[in-house]
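Visitor: The structure follows.
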Amino acid sequence: MPEHIVKAYDQDITALKTMLAQMGGLAEEQLANAIKALAKRDITLADQVIRADEKIDELEREIEEKAILTIAKRQPMAQDLREIIVAIRVSSDIERIGDLAKNTAKRTHAISEPLPRRLSTGLARMGAMAEAQLNNVLDAYVRRDEAKAMDVWRSDEELDSLYNSIFRELLTYMMEDPRNISLCTHLLFGAKNLERIGDHTTNIAENIHYLIYGKTIVEGRPKKDVTAMMNATDK
Amino acid sequence: MIDLTGKAANTKRYAAEKRFKSYGAIALGLTTVFLLFLLADIVGKGWPAFFEHHASVDVMIDPASVDVATPATGDYSALIKDAVRAQFPDITSRSDKKKLASFISQAAADDLRDRVVADPSLIGKTVKADILLSADADLYFKGIEQSDDAEMLEKFKTKLPVAKSISWRFWTNGDSREPELAGLLGAIKGSLLTVGIAILLGLPLGVGAAIYLEQFAKKSRWTDVIEVNINNLAAVPSIIFGLLGLAMFLNFFGLPRSAPLVGGLVLALLVLPTIIIASRAALRAVPPSIKEAALGVGASQQQAVFHHVLPLALPGILTGTILGLARAFGETAPLLMIGMVAFIADVPQGPTDPATVLPVQIFLWSDLPELAFKSKTAAAIIVLIMILMSANAIAIYLRRKFERRW
Amino acid sequence: MDKQTTKANIVTGTPRIMVERPTRISARNVDIYYGEKHAIKNLSVEIPDRAVSAFIGPSGCGKSTFLRAVNRMNDTIAGCKLTGEVCLDGKNIYDADVDVVELRSHVGMVFQKPNPFPKSIFENVAYGPRIHGLAKDKTQLEEMVVNSLKKAGLFEEVKDRLHQSGTGLSGGQQQRLCIARAIAVNPEVILMDEPCSALDPIATARIEELIDELRQNYCIIIVTHSMQQAARVSQLTAFFHLGTLVEFGDTDEMFTSPTDKRTQDYITGRFG
């Protein structure tokens, strides 16, 4: 696409994209570190993640401010308008992802002993999947790759399935031995956070579709999260 | 630090500007001086012509010379001569007597005749008559000419009180061989009639042609040809129009010679190009947005032009008319060609009577040998200028009135 | 006049919203030439009633040319030729039996620079009805003038100076006077050629408000240089480029996600 006649306009949009890329990179790092901290029970790493979240929040404020100014000054139309609206939405999603990563890292303080093998593998798998989704969707955003974004959008189904099984696993664990309840509750929250991160990545994917096609996706995406209906007596 | 004080390079520019300004001022000054000179000369020469001298003498209306039944046929000239001679009993030689008589104008007798005809009861009475002095005497008393008969004139003055008064004759008489009797009425009326006819014909035709060419005619080679020709006609020497008038109006159509009608026709042709050009410019100067607005509301071409464009172009059209008018008043050559050069003593009654116009009258008078006619000529020039200025003033007033309204 | 469904025509792509309004003005394969210059190329478009259609495009793209073709103002320009059909309610306005003067009483025009007649305010508005013989007597004429001024939102401001000159009003008032003048003859269509470009923002806003009110009763076509104005004021927008109609569609859609790349480039300020 040719450049704007007014160069400052292009600079405004480039600045937004740069800040978003920065934010995305930070979020990826935060998520990776949080999962590692939880798996290895690394308190120092966990605290680092908790502190670093402030940076993501600051970036989100900056992006919002820049976007509002650009709207006021440039009266953007069509592609440019969608670009800016999507930037605001995506930065909001990334900020939430950052918060969720921080919360996951916080759980590390609560885990005093090594995790049982089957729980840790499940969580590790979930963590890897969430990480992959985030990486892919951010990549798709930077490269405006709608196909890739849709892949992420659909693959959240898998993450949801994984979450379901971990949920069941944890319930079983808790029922086996009430002393595990404290640990499992924290792990539950951690898993929930990862599942929420997955949902946010699908939001970002939907916004990428809107950015490119100018239409919102109307039909619902496949959701497999049935944990709301689960109870301890289910088999 | 920016240096705002003048630089050497600017000084040169300012010097050039000053020089140019001074050239303009000098030009203006010189022009004013020349104009003032001209005006002073004309007014100085012509001013005396507006006045005349009368002597008052007691005249006995002798019933023997004047018949009660036909008072107009009396020999008033003799009565006056006798009355004057009676005042100078010491003048006896024939040549002296003749000289004395030469101080009195012919008109004196006519004036007296008119008085008696109006009031026949004066027959037999002695009346105090104002007798008009002849041109030579008049010039002497005005101080213009040193007369050989200065002595006698002084004597004349002592016995018969000589008074100066405004010469109404100048305005009410037609042309005459006698300088003191020559008046402008004929020429003025002739001028007004001629120019009146010229404008009456030229204005509608000119404005109509301009409207047609500007608003209605399709642009084609013909319209270009017409435009070029109209522009050229404006520059044609005016005597050519006189030749045209001679050939067409006098020889072919057989219209009366020297008539204001013919003069008017010739002048109409003369001013037509000027009026057309000025009107076209005025029409073109009307912003096209007004016409578009009128058309947009659903006016036809004619309605748009006559309701909207023409009223706005009126000031410009009037300017063109003023120019045409001024030119028409001052034209001499074409009118000479159609015969308005004759000596016409009668005041024209209508456009078909022979007449003359002011510029021609001036030309004729300037050719005559009598000294008195010199001041008459200058006076006539003053009258012409006055008429032109008032015509201008009227047109300017009209123009301003229309301009302000919009 | 048959009630047809007017689809928002988009040259490339499919319309998002079907607009259910009868067509007032339609053009079919219209070409307009100024001498040798091909100003409008093979234009076909349908413009619905009781809506505002905006024509946008860079300078010299032909939008004003086409606008002036709708009330045959191009007839006054020497060397201007039009082929194809332009129809008002189905009747081709370029037919030989069409009286131009009559046409212009049905299709009114408001120009870029306010051009009230140098007459009184009353006379300005009364001129049209008078020459078309629309008023039976003086009272009816006065009524028509007052109504037009009211509809144009000007009456309150000028009611005590109806006999003063129209040129003594402010720019915005003059333009509203021109609008009142145009609607005094009860047209079906109002054409507006950049009506706000000579006005300040407040006067512009007033005129836009007026257009919004008027569209409920008239078919309005507005040519504008301001895309924001086109976005605010119109329901349908046509984008012209180098004499071609590139895209014509629902305004909301055109300004958020236009179909043609040229439209996109123009409205985002990337060229033109």
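Visitor: Within straight cross-link reach of B:K97, meaning Cα distance under 19 Å, which aspartates and glutamates are found once same-chain residues fewer than 8 apart are removed?
Guide: The qualifying aspartates and glutamates are B:D58, B:D75, B:D82, B:D136, B:D138, B:D148, B:D149, B:E151, B:E154.
Visitor: Could I ask something else about it? Could you give the length gained on full extension between B:A118 and B:L28, defined as 0.36 nm per residue of separation minus the Cα-Cα distance, in nm? Working shown, then result.
Guide: Details: separation 90, 0.36 × 90 = 32.40 nm, distance 5.76 nm.
Stretched out fully, the B:A118 to B:L28 stretch lengthens by 26.6 nm.
Visitor: Shielding by partners for C:255-264, please: the mean number of other protein chain Cβ atoms within 10 Å of each residue's Cβ.
Guide: On the way: counts 4, 8, 10, 4, 1, 0, 3, 0, 2, 5.
Mean shielding by partner chains, rounded to a whole number: 4.
Visitor: Taking a quarter of the surface of the convex hull around the Cα atoms of the stretch B:129-204, what do you get in nm²?
Guide: Numbers: hull surface 27.9 nm².
Computing the convex hull of the Cα atoms and averaging its projections yields 7.0 nm².
Visitor: Hey, another quick one. When you have a sec, figure out the Kirkwood radius of chain C from all distinct Cα pair distances and drop it here in Å to one decimal? Intermediate values should be presented prior to the final figure.
Guide: Numbers: mean 1/r = 0.0522 Å⁻¹.
Value: 19.1 Å, from the Cα pair sum.
Visitor: Averaged over C:112-119, how many beta carbons belonging to a partner chain fall within 10 Å of each residue's beta carbon?
Guide: That works out to 5 on average.
Visitor: Still on this model: State the Cα centre-to-centre distance between the stretch B:57-127 and the stretch C:61-89 in whole Å.
Guide: So the separation of the two Cα centres works out to 91 Å.
Visitor: Between B:T5 and C:Y34, what is the label-to-label distance in nm when each label sits 7 Å out along the Cα-to-Cβ direction?
Guide: Modelled inter-label distance: 5.6 nm.
Visitor: Around A:E195, what is the net charge, scoring Lys/Arg as +1 and Asp/Glu as -1 over all other residues with Cβ under 12 Å from its Cβ? Display every interim value, and only then the final one.
Guide: Details: positive: A:K192, A:R196, A:K223, A:K224; negative: A:D156, A:E157, A:E158, A:D160, A:D199, A:D225.
That sum, taken over residues with Cβ under 12 Å, equals -2.
Visitor: How would A:Y213, A:Y9 line up from fewest to most surrounding beta-carbon atoms within 10 angstrom?
Guide: Numbers: A:Y213 12, A:Y9 19.
The most exposed by this proxy come first: A:Y213, A:Y9.
Visitor: Quick one: 3J(HN,Hα) in Hz for the stretch C:222-239, Karplus 6.51/-1.76/1.60 with θ = phi - 60°, rounded, Gly and Pro as x.
Guide: These are the phi-based 3J(HN,Hα) values: 10, 9, 9, 8, 8, 5, 5, 5, 4, 5, 6, 9, 9, 9, 10, 10, 10, 9 Hz.
Visitor: Let me ask something additional. Can you list the equivalent-ellipsoid semi-axes of the stretch B:48-167, largest first and in whole Å, using the square root of 5 times each Cα gyration tensor eigenvalue?
Guide: Here the semi-axes work out to 26, 17, 11 Å.
Visitor: I'd like the orientation of helix B:358-367 relative to chain B: the angle between its Cα long axis and the longest Cα principal axis, in ° from 0 to 90, rounded to 10.
Guide: Taking Cα atoms only, the helix is inclined about 50 degrees.
Visitor: Strictly over 23 Å apart at the Cα level, which of B:K291/C:K91; B:K81/B:K164; C:K81/C:K113; A:K102/A:K223; A:K17/A:K106; B:K98/B:K155 would you flag in this model? It would help to have the intermediate numbers written out before the result.
Guide: Working: B:K291/C:K91 27 Å; B:K81/B:K164 21 Å; C:K81/C:K113 26 Å; A:K102/A:K223 25 Å; A:K17/A:K106 30 Å; B:K98/B:K155 15 Å.
Beyond 23 Å: B:K291/C:K91; C:K81/C:K113; A:K102/A:K223; A:K17/A:K106.
Visitor: Still on this structure, I have one more. State which stretch of chain C is the longest one without any exposed trypsin sites (Lys or Arg not before Pro), exposure meaning a DSSP loop state and at most 16 other Cβ atoms within 10 Å.
Guide: On the way: sites that count: C:K3, C:R50, C:K136, C:K159, C:R161.
Counting at most 16 other Cβ atoms within 10 Å as exposed, the longest clean stretch of chain C is C:162-272.
Visitor: In degrees between 0 and 90, to the nearest 10, how far off the longest principal axis of chain B does helix B:372-405 point, with axes built from Cα atoms?
Guide: Between the helix axis and the principal axis of chain B, the angle is about 40 degrees.
Visitor: B:L205 to C:D95: FRET efficiency via 1/(1 + (r/R0)^6), r the Cβ-Cβ distance, R0 30 Å, to the nearest 0.05?
Guide: 0.20
Visitor: Considering only the protein assembly as shown, what is the antiparallel percent among its DSSP beta bridges, to the nearest 5? Intermediate values should be presented prior to the final figure.
Guide: Values: 40 of 57 bridges.
Antiparallel: roughly 70 percent of the beta bridges in the protein assembly as shown.
Visitor: Round to the nearest 10 and give me the degree value, 0 to 90, for the angle of helix C:171-183's Cα axis relative to the longest principal axis of chain C.
Guide: 90
Visitor: Taking only Cα atoms and a 10 Å spring cutoff, compute GNM fluctuations for chain C and point out the largest among C:T256, C:T76, C:T224.
Guide: Looking only at C:T256, C:T76, C:T224, the largest GNM fluctuation is found for C:T76.
Visitor: Excluding same-chain residues fewer than 8 positions from A:K224, which lysines have a Cα within less than 20 Å of its Cα?
Guide: Straight-distance partners of A:K224: A:K192, A:K235.
Visitor: Right, next: I'd like to know which of B:A217, B:I394, C:C196 lies farthest towards the positive end of the charge dipole of the protein assembly as shown, counting +1 on Cβ of Lys and Arg and -1 on Cβ of Asp and Glu.
Guide: Checked the options; the winner is B:I394.
Visitor: Mind listing the phi-derived Karplus ³J(HN,Hα) values for the stretch B:115-120, rounded to whole Hz, using 6.51, -1.76 and 1.60 with θ = phi - 60°, and x for any glycine or proline?
Guide: After applying 6.51 cos²θ - 1.76 cosθ + 1.60, I find 5, 5, 4, 5, 9, x Hz.
Visitor: What list of ³J(HN,Hα) couplings, whole Hz, do you get for the stretch B:55-63 from phi and the Karplus terms 6.51, -1.76, 1.60, once you set θ to phi - 60° and write x for glycine and proline?
Guide: Ordered by residue, 3J(HN,Hα) equals 10, 10, 9, 7, 10, 8, 7, 6, x Hz.
Visitor: Which whole number gives the average count of other chain Cβ atoms within 10 Å of the Cβ atoms across peptide A:73-80?
Guide: Per residue, the average neighbour count from other chains is 6.
Visitor: Distance from the Cα centre of the stretch C:140-203 to that of the stretch A:72-109, in angstrom?
Guide: 50
Visitor: Name the residues whose placed amide hydrogens come within less than 5 Å of the amide hydrogen of C:V246, ignoring near sequence neighbours (fewer than 5 apart) on the same chain.
Guide: Excluding prolines and chain starts, which carry no amide H, the hits are C:F239, C:F240, C:H241.
Here, each number is a calculation from the coordinates, and none is a lab measurement. All of these numbers come straight from a predicted model, not from anything done at the bench. Cβ coordinates were reconstructed from backbone atoms using ideal geometry, including for glycine residues, and neighbour counts include every protein chain displayed.
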